[in-house]
Amino acid sequence: MHQMTLAEIARGLADKKFSSEELTKVLLARITQLDPQLNSFISLTEALAIEQAKAADARRANGESGALLGAPIAHKDLFCTQGIRTSCGSKMLDNFKAPYDATVVAKLAAAGAVTLGKTNMDEFAMGSANESSWYGAVKNPWNLEHVPGGSSGGSAAAVAARLLPAATATDTGGSIRQPAAFTNLTGLKPTYGRVSRWGMIAYASSLDQGGPLARTAEDCAILLQGMAGFDQNDSTSIDEPVPDYSASLGDSLQGLRIGVPKEYFSAGLDPRIAELIQNSIKELQKLGAVIKEISLPNMQHAIPAYYVIAPAEASSNLSRFDGVRFGHRCEHPKDLIDLYKRSRGEGFGAEVQRRIMVGAYALSAGYYDAYYLKAQKIRRLVKNDFMAAFNEVDIILGPTTPNPAWKLGAKNSDPVAAYLEDVYTITANLAGLPGLSMPAGFVDGLPVGVQLLAPYFQEGRLLNVAHQYQLNTDWHTRTPTGF
Ligand code: GLN
């Protein structure tokens, strides 16, 4: 039962082959049995899951239908869940029970999805390896000595290990696409503003975007359908109609213009990954796509710009965790300043403290123009590169990451080495564009992802291309040994 995709579950439930309650119990037992190896969950919500599953079964018995009605999922632990711990992977929020549901959580619950639990993540979504979580590192089911990617490493590891079919995640600089690549999943970062950020604990507000992690493009379409849409509670959410993402999956790729940026194939890219990317290009050519070389000349400036903008926004967003209103509070503070200092010093881990310091520095008087303002100018250049490219092509294709998943601990002493791994993903966040990663093969037994980028609000096109590719390849069907 645990091998089923969301689409298969929807058909099975509609055909009354099993109930949501039965399936939910099977998956909860599987998580209890196998997750100690992975550490992919921070909280299991068994009672809520059984209650939601029974309610979904009752709704189906009353004649209701829907792809998510009775479908088991989990939420990255930065989506607020009413009355349930929402930790953001941090000691700071270990004691925080959200007083309300995030819009994404509420929408999926209304569609009948069943929440099995809250997944592990890098602390405040800062990281690319899921090693900065206060709840401990997450392991990659393809090789337990390797990282699953981050920051949505818990959602990725759990779905890859068939503990559940799909999960929510967020992507500020790659945190949906990179763990998808590292664990052989399909993950989609929507256009900025497509999915509401209300109740999604903020890291870098102008870059953060929620989206689906699943095994197939077909399942990403189903989950995205439940997440997307305008929300008046989020002033950056966009009032554009949500298309039927499943309806366009079958469209032909005949004549599709795919741009391949020449800058992507530089010295930093593992040649074995480059070869797999070339194979995926050939596969898409067989399906009728036309390849064109393009250029994204400002790409090399994106990492430094991102690592100024994201920490700057983080330093502002995280100032609310002051030990007064919610979250960790130190024991016996001497005075207010001592309360702030020790609560934050004890509650935040090293990577979060590093980002707050960098961000506060970049925003400080005298440095703002040199760092923050300059980074914003680079951001515009990166966006302009994409706008020029999309005048000539329909999608852009390349690797998701320059290397496969590294060994646990391998980059702990060198944060910049980890930042450099984000080279292919962060440009989409800087520009606000949608991006998808899908399985493209293996290197040393570790999965490799190919990334597709599209113009604003063209999530349907990304899902269509990925689905057609998955109808003709079987990388996405491979299962890690032991799971
Ligand atoms: N690795 C990037 C960072 O640490 C991206 C993380 C994310 O997308 N949440 O900022």
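Around the amide H of Ile294, modelled in the peptide plane, lie the amide H atoms of Val260, Lys262, all under 5 Å away and 5 or more residues distant in sequence or on another chain. Seen from Ala7, the other residues with C-beta closer than 11 Å to its C-beta sum to a net charge of -1, counting Lys and Arg as +1 and Asp and Glu as -1. Each residue of segment 449-456 was assigned a 3J(HN,Hα) from its phi angle through the Karplus curve 6.51 cos²θ - 1.76 cosθ + 1.60 (θ = phi - 60°); the sequence is x, 10, 9, 10, 10, 9, x, 3 Hz, with glycine and proline shown as x. For segment 310-337 and segment 155-203, compute the distance between their C-alpha centroids and round to whole Å. Each part reduced to its Cα centre gives a spacing of 27 Å. Sorted fewest first by neighbouring Cβ atoms within 10 angstrom, His332, His301 come out as His332, His301. Can you compute 3J(HN,Hα) from phi for each residue in segment 437-445, using the Karplus curve 6.51 cos²θ - 1.76 cosθ + 1.60 with θ = phi - 60°, rounded to whole Hz and x for Gly and Pro? Result, ordered by residue: 10, 9, x, 10, x, 9, 10, 6, x Hz.
Only helices enter this figure: runs of n ≥ 4 DSSP H residues, each worth -39500 (n - 2.57), summed and divided by the residues of the chain, yield -11500 deg cm²/dmol at 222 nm to the nearest 500.
Taking the DSSP bridge list for the chain and keeping only pairs wholly inside it, about 70 percent are antiparallel. Histogrammed with a bin width of 5 Å, the alpha carbon distances of segment 419-479 distribute as 4, 17, 24, 21, 18, 13, 4, 0 percent, first bin at zero. Counting Lys +1, Arg +1, Asp -1, Glu -1, what net charge surrounds Arg257 among other residues with beta carbon under 13 Å of its beta carbon? Spelling it out: positives minus negatives among the neighbours equals -1. Derived value for segment 67-119: Kirkwood hydrodynamic radius 11.1 Å. Basis is the mean of 1/r over every pair of different alpha-carbon atoms. Here the extension length gained between Ser65 and Asn233 equals 57.7 nm, from 0.36 nm per residue of separation less the Cα-Cα distance. Charge tally around Glu459: other residues with Cβ under 12 Å, Lys/Arg +1 each, Asp/Glu -1 each, net +1. Taking amide H positions as modeled 1.01 Å from N, with prolines and chain starts lacking one, the residues under 5 Å from Thr186 and 5 or more places away or on another chain are Ala214, Arg215, Thr216. With R₀ fixed at 25 Å, the C-beta to C-beta distance from Ala410 to Val443 puts the FRET efficiency at about 0.95. Phi angles of segment 46-58 translate, via the Karplus equation with coefficients 6.51, -1.76, 1.60 and θ = phi - 60°, into HN-Hα couplings of 4, 5, 4, 4, 5, 4, 5, 5, 4, 5, 5, 4, 5 Hz per residue; Gly and Pro are given as x.
Taking the number of Cβ atoms within 10 Å of each Cβ as an exposure proxy, the fewest-first ranking of Cys220, Cys330 is Cys330, Cys220. Sorting Met438, Met299 from the fewest to the most surrounding beta carbons within 10 angstrom yields Met299, Met438. In the chain, the alpha-carbon atoms span a convex hull of 136 Å³ per residue. Put simply, the convex hull of the Cα atoms in segment 199-258 casts, on average, a shadow of 5.9 nm².
The numbers here are math on the coordinates, done by the rules we state, and not lab data. In this text the structure is predicted, and so the values were computed from the model without any measurement. Neighbour counts are summed over all protein chains in view; Cβ atoms, including those assigned to glycine, are modelled from backbone coordinates with ideal geometry.
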